[in-house]
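These notes are about the structure you will find just below.
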Amino acid sequence: MFRKISGSSAFNSGFYLPALIFLFLTLLSGVWLRYQWTWPGGMIFRADFLIHGHSHVALLGWVFLGLMGMTLESGTDRRRLPFRFTAITGFLTAVTTVLLFLAFVRDGYAPASIILSTIHMILGYILAGIYFRCTSGIARLADRHFLDGAVFWMILATAGTWMLAAGQGLSPFWMHVSVRFYLHILFFGWFMFALAGFACRYMAGPDQKSETWPFWLMTAGLLPSLLPHLDPGRYGAWGFTGDLPWWYTMAGTAGTLLYGIGGIAVLFMLFRSGYIRSVRWRFPILLWTGIAGAAFVFILPVITSFPAIRGIWMQSDFLVIGFIHLHLLVTVTSLLLFMLLNRRIIKGPQRYFGLNAGAFLFTTGNVAMVLLLFMTGFFQIAGILPPWPVQKMLFYTGSVSLTGLGMLLLFPQFILFSKRL
Ligand code: HEM
């Protein structure tokens, strides 16, 4: 099947096409969850299992394959890249994710889903190996720093999962640390570093490309910025009981601040280069929404790193889920989709009303959903019942996003198979 594979078809069949299908499945499962909670008569799937299916297909299907494809395509020397092997590994990752989704929805965390997650991790290591064997670009430039860093964080994040698997007798505190470590390094390391790498490679001017200090700030801040997410005081771990000492809090805030300043510096560099504004990008709504989302993703953790504020913030599930979707949907998904849609020439996009309307609906639904989650969270903290039917409204906003994405995906020939830029 992969015999006569060319570079583009390797990435399309092994990475981008499955990634886009997984994005659709992510939105469909998310909207279905809201549907079940709005009209419990339609309860078909066990909600907690479906949440696991939704989050795994989102992280390991859509974001992993989309980012990995882009990282391999833009960060390696195509002449040295083993296209056939890369495509087969990508394709196997996609098949594993389909099985993983089914296993999670059927049984939740059970032997089958755990074995499949492990296979997914191993395939991830193989793809990381291919990347490091074939890297291209000038090593001292910012984009190479960010892309190398992203793949490194992707591997390191899995240390959390191995710790969970290895330590049967792990204390509740260390189980909590393993999960937090995995998610934190995945979301803020792998995902954000890869996006910063693409931004530096494709959108920064020549002067900005050699500025690596934002990379070093983000790198220095990443691990300490995990501290506010851990609560050793609550578990009586590390000799702490109750309130944490000032230096622990300071170290956490300093980490989030370093990371946030590095991230905001990347955004500033993009504006300073002027290039980002001079190009006629397709679907600029995705780019600007993603950049606005990224600014919040860099700033909000600094504010919530203070224990007093964090204590209040964590009281509301809506704020927690709202921030996760601000990060993963409004920021990572918008920017990744933007990158994929701008990979190829779409002839006369203005004529394809369906595509532009799709991008508009998708973005509107996403932003409305996150705003609604945040507003509901603030009402929840204030102890006031929100004056709107929360689950129903969230179902509607999700449906708008899903419709927009459906319209975009109706035209795959323009996204994947048109001429390369
Ligand atoms: C229309 C789009 C989406 C809808 C309607 C939606 C809906 C939901 C719902 C209902 C939950 C469970 C919330 C709860 O436990 O109270 C959830 C959780 C989650 N979603 Fe989404 N989602 C969408 C898009 C995405 C995307 C694109 C991603 C990632 C790329 C994502 C990642 C996650 C994750 C990781 C969780 C688990 C959070 C946790 O358990 O802590 N979602 N989503």
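Suppose we keep only residues that are over 10 Å from the mean Cα position of the chain (by Cα) and within 8 Å of the ligand (Cβ to nearest atom) within segment 319-346. Which one would you say is surrounded by the most Cβ atoms within 10 Å (Cβ to Cβ)? If we take residues in segment 319-346 being over 10 Å from the mean Cα position of the chain (by Cα) and within 8 Å of the ligand (Cβ to nearest atom), then I321 is surrounded by the most Cβ atoms within 10 Å (Cβ to Cβ). For segment 363-375, a residue qualifies if it is touching a residue at least 60 places away in the same chain (Cβ under 8 Å) and either away from the ligand (no atom under 11 Å from the Cβ) or over 15 Å from R34 (Cα atoms) (or both), and the qualifying residues are T363, V367. Elements of the type helices (runs of 4 or more DSSP H) sitting completely within segment 1-104 and holding at least 1 residues that are more than 16 Å from the ligand (Cβ to nearest atom) and under 30 Å from G137 (Cα atoms): these cover 7-11, 17-38, 64-75. Can you say whether A58 is touching a residue at least 40 places away in the same chain (Cβ under 8 Å) and under 20 Å from W190 (Cβ atoms), as far as the supplied structure shows? Taking the combined requirement at face value, the residue satisfies it.
Rundown of residues vs (1) within 25 Å of G189 (Cβ to Cβ); (2) within 25 Å of the chain's Cα centre (by Cα); (3) touching a residue at least 40 places away in the same chain (Cβ under 8 Å), yes/no style:
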site: H229; (1), (2), (3): yes, yes, yes
site: A237; (1), (2), (3): yes, no, yes
site: T241; (1), (2), (3): no, no, no
site: G252; (1), (2), (3): yes, yes, yes
site: Y259; (1), (2), (3): yes, yes, yes
site: W281; (1), (2), (3): no, yes, yes
site: A295; (1), (2), (3): yes, yes, no
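Scanning segment 281-318 for residues that are away from the ligand (no atom under 16 Å from the Cβ), among the charged types (D, E, K, R) and surrounded by fewer than 17 Cβ atoms within 10 Å (Cβ to Cβ) returns no hits. Which count do you get for residues in segment 278-294 that are at pLDDT below 85 and of a type in the set (V, I, T)? Qualifying residue count for the region: 1. Among the residues of segment 26-47, those that are within 25 Å of L65 (Cβ to Cβ) and surrounded by fewer than 19 Cβ atoms within 10 Å (Cβ to Cβ) comprise L28, F45. Taking the listed residues G129, G149, G189, the one that is of a type outside the set (A, V, I, L, M, F, W, C), assigned to a helix (DSSP H, G or I) and surrounded by fewer than 19 Cβ atoms within 10 Å (Cβ to Cβ) is G129, with no other qualifying.
The values are calculated or read from the model by the stated rules, or taken from the named source; none is laboratory data. All values derive from a computational prediction rather than experimental measurement. Because the Cβ atoms are built from the backbone with ideal geometry, glycine has one as well, and the counts that use them run over all protein chains shown.
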